[in-house]
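Working notes, beginning with the structure itself.
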Amino acid sequence: MITLEHKDWKLACKMLQNIPKNTKNKYFQTYSFLLDDKNWGELTSEKFFTSYIKSGQFLTKQDNLSFPNRTLQKHSGAYRHVKIVSPIIYLFLIAIACQIKRIYKEDRPKSYISTYFSGSFDEEKPSAHYKSSYNSYLVDINICQDSFDYCFQIDFSTFFPLVDTDSLFGKVEKLDPKSELIYSSLIKMIGQGKMPIVDGNTGLSYLNTVVYLDKFDTELINFLKDIKEIESFQLVRYVDDLAIFINCDQSNLSYLNSKVYTKIYELAVQNRLEINSSKTKYFTSTVELGSNMNVALYDYFAYNESINFDEYYSIDDLKSFLDSLIALSSHATFKEYETVSLATLQNSDLVFGGADVLNAIVYNKNDWAKDEEVIKKIKTLVDSDYKKLRFSTRALITLILNTKDSHIIRSLLNNIFESFKSNNSDLIDEILSIEYLVQRNFQHTDLIKTIKNTNPNLSNYIEKFQINELSTHLQNEHTTFYTIDNKVYDRLDNDSNLNFLFFRYKYFESLGQTLESFAYFKNYFDRFIAHATFCMGFDTGKKPNFRMYYTEKAITKGLNKFKLSFNEDEIKVIIHTAHDIRNDNPVSHASAALIKNSNLSKDRILESIQNLKNIIEEIWVQLQEKKDM
């Protein structure tokens, strides 16, 4: 069905395996991959890949085609809408990137630019986590600050949703058309027609950064090379954040600002992107960007090197931060939080901001949270206004849990439950609840039930993939079909054409395109019936007769051999209606009579699909039953 190879799947699995356990368990999407070696072995195996992934069987499972909504908090404090995908889809998106990495050749001249995305294909230790690549990005930024005089910083507005998915895969010339269609359709299905944001997914990050922005970067570099006023330059990109470092005479800055911005704007339009002019910073002296990072402290943050942390911060800094947060207005903006509370943790000698320092304290100095005075301040914060935790949700929830104080933790939960119970809950309560559950290994049934009232799809996801192991879910999902002589019939699951038809039906259904979805579903139905009649022994031969079950007469005759709840007249009407719609559908038949037929409603088409589904469901049950010999 697709040209993805086992080595691509295996690499994607390896990249997720290489994320440390104490990192996986901190993120909602990677939590499901806390697997033991045996489960990883089964998931990585060629047998699983061939039967479940390569055949496209995974694209026929409803849980893999359901994409709950979730809201996350960005580092800037703003909220971000993301899509939650099943663990298999999350892994598949990374595998797509592994395949594209193997066959795609970048045009951007690497001597002029360093390009980083949220993950790494490093040969020694590839990873599906952002940390190593982001650390390398920071190092390059600091090297360039030393080597160049000025920096131009580019910011795109809502980058991912503006990426043209079809154009993206069109850039990969060595990708076959069928795989291109499936990859593009799946991604647009997740994002409801747009490029989705799937939290932390390395695959999408690679595709959007390395592939989609390749032409943008290449043309920009060629443009900069031709400007004689620029003595030397270097670009550093992390996903959509691009810094242009240059050396030039100060007298040329105004001219260069205008010329470079105009070109960047032009390239953005050509690539269907938008420049955020309010956050784009013109050429600024690198001296003003901040001092160089202290290497020892950098090593502590990035690599957990053993250094004297107390040389830089003490527990008093944490206390000052908490005092400031307690005193902050309940309705304060994130900007106020940043300039008032986080500012207490900043050090003028370091590039790291207050948020980075808070994370370092929370994750590397968790014993500070057990200090009596710190506990008292945290209790005051939770009791007085727990919603202030919204400013740094993950860090502050972790800080609370690090206290090991049952009274504080119970107080936080009581506040959240009371908010839901009194119908005063909002987005903040859901964000705090999810973060608490992640940090607690989803061990709070009542909180999950509470979330179900406001976000049932997310709650169902938790029950299926976070509470239960992925291997258990895959086992429960598996169905076995039996022939008339009780032999296992695996042709249904392994029929890549059948799986493709069903997936395309679901894709068009998700976009609300009724004629297209009907065309694919009717073809799926016909092919399924050919399988079913062969499996049940109604047809003789060595394989299903797909050509036979295209006509109305043959399908009606075949269905009458099954024990269905529909009588012969009802079956005849259902199949006749479906064939009338199919034969008049301009998507699937040259007559295209539906264009002139104003009497056929969308409801009637959907009713026809549902009737065909009902027939399939009854036959599905019969195929799974062992037969009396």
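The values are calculated or read from the model by the stated rules, or taken from the named source; none is laboratory data. Not measured: the values here are computed from a predicted model. Cβ: placed from backbone, ideal geometry, glycine included. Neighbour counts: every protein chain shown.
A compact table of results
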quantity: Some residue of the stretch 390-403 being under 27 Å from LYS131 (Cβ atoms), modelled with pLDDT of 95 or more and not in a helix (DSSP H, G or I); calculated: yes
quantity: Any hit, the stretch 468-478, residues being of a type outside the set (A, V, I, L, M), under 20 Å from LYS83 (Cβ atoms) and in contact with a Phe, Trp or Tyr (Cβ under 8 Å, 6 or more places away or on another chain); calculated: yes
quantity: Single residue of the stretch 16-28 satisfying the filter (outside any loop (DSSP other than H, G, I, E, B) and in contact with a Lys or Arg (Cβ under 9 Å, 6 or more places away or on another chain)) that is nearest to PHE500 (Cα to Cα); calculated: LEU16
quantity: Which listed residue is farther than 29 Å from SER118 by Cα and surrounded by fewer than 20 Cβ atoms within 10 Å (Cβ to Cβ), from GLN250, GLN270; calculated: GLN250
quantity: Pairs where the first residue, in the stretch 45-61, is at positive phi and the second is small (Gly, Ala, Ser), C-beta under 9 Å, 6+ apart; calculated: GLY56/SER496
quantity: Qualifying residue in the stretch 400-419 (condition: within 24 Å of TYR79 (Cβ to Cβ) and out of contact with any helix residue (DSSP H, G or I) (no Cβ under 8 Å at 6 or more places or on another chain)); calculated: yes
quantity: Flag if LEU345 is of a type in the set (A, V, I, L, M, F, W, C) and either within 21 Å of THR71 (Cβ to Cβ) or at pLDDT below 95 (or both); calculated: yes
quantity: Some residue of the stretch 425-436 being over 25 Å from LEU399 (Cβ atoms), surrounded by fewer than 18 Cβ atoms within 10 Å (Cβ to Cβ) and not hydrophobic (A, V, I, L, M, F, W, C); calculated: no
quantity: Residue check for LEU4: assigned to a loop (DSSP other than H, G, I, E, B), in contact with a helix residue (DSSP H, G or I) (Cβ under 6 Å, 6 or more places away or on another chain), over 30 Å from SER392 (Cβ atoms) and of a type outside the set (Phe, Trp, Tyr); calculated: yes
quantity: Pick from the stretch 467-526, criterion of a type in the set (Val, Ile, Thr) and under 28 Å from the mean Cα position of the chain (by Cα), ranking: surrounded by the fewest Cβ atoms within 10 Å (Cβ to Cβ); calculated: THR479
quantity: Within the stretch 244-292, tally of residues that are of a type in the set (D, E, K, R), under 21 Å from SER232 (Cβ atoms) and assigned to a loop (DSSP other than H, G, I, E, B); calculated: 1
quantity: Residues located in the stretch 383-397, provided they are more than 19 Å from LEU427 (Cβ to Cβ) and either buried (at least 20 other Cβ atoms within 10 Å of the Cβ) or in contact with a Ser or Thr (Cβ under 8 Å, 6 or more places away or on another chain) (or both); calculated: ASP383
quantity: Residue, nearest to the chain's Cα centre (by Cα), within the stretch 539-550, restricted to residues that are within 22 Å of LYS572 (Cα to Cα) and without any contact (Cβ under 8 Å) to a residue 24 or more places away in the chain; calculated: PHE546
quantity: So PHE28, is it within 30 Å of ARG390 (Cβ to Cβ), crowded, with 17+ Cβ neighbours inside 10 Å and of a type outside the set (Ser, Thr, Tyr); calculated: yes
quantity: Residue among ILE230, ILE197 that is buried (at least 16 other Cβ atoms within 10 Å of the Cβ), hydrophobic (A, V, I, L, M, F, W, C), out of contact with any Pro (no Cβ under 6 Å at 6 or more places or on another chain) and closer than 30 Å to THR30 by Cα; calculated: ILE197
quantity: Subset of the stretch 109-146 (residues that are in a loop (DSSP other than H, G, I, E, B), within 27 Å of the chain's Cα centre (by Cα) and of a type outside the set (Ser, Thr, Tyr)); calculated: PHE121, ASP122, GLU123, GLU124, LYS125, PRO126, ALA128, HIS129
quantity: Odd one out for LYS188, checked against (1) more than 24 Å from ASN64 (Cα to Cα); (2) of a type in the set (Lys, Arg); (3) modelled with pLDDT of 95 or more; calculated: (1)
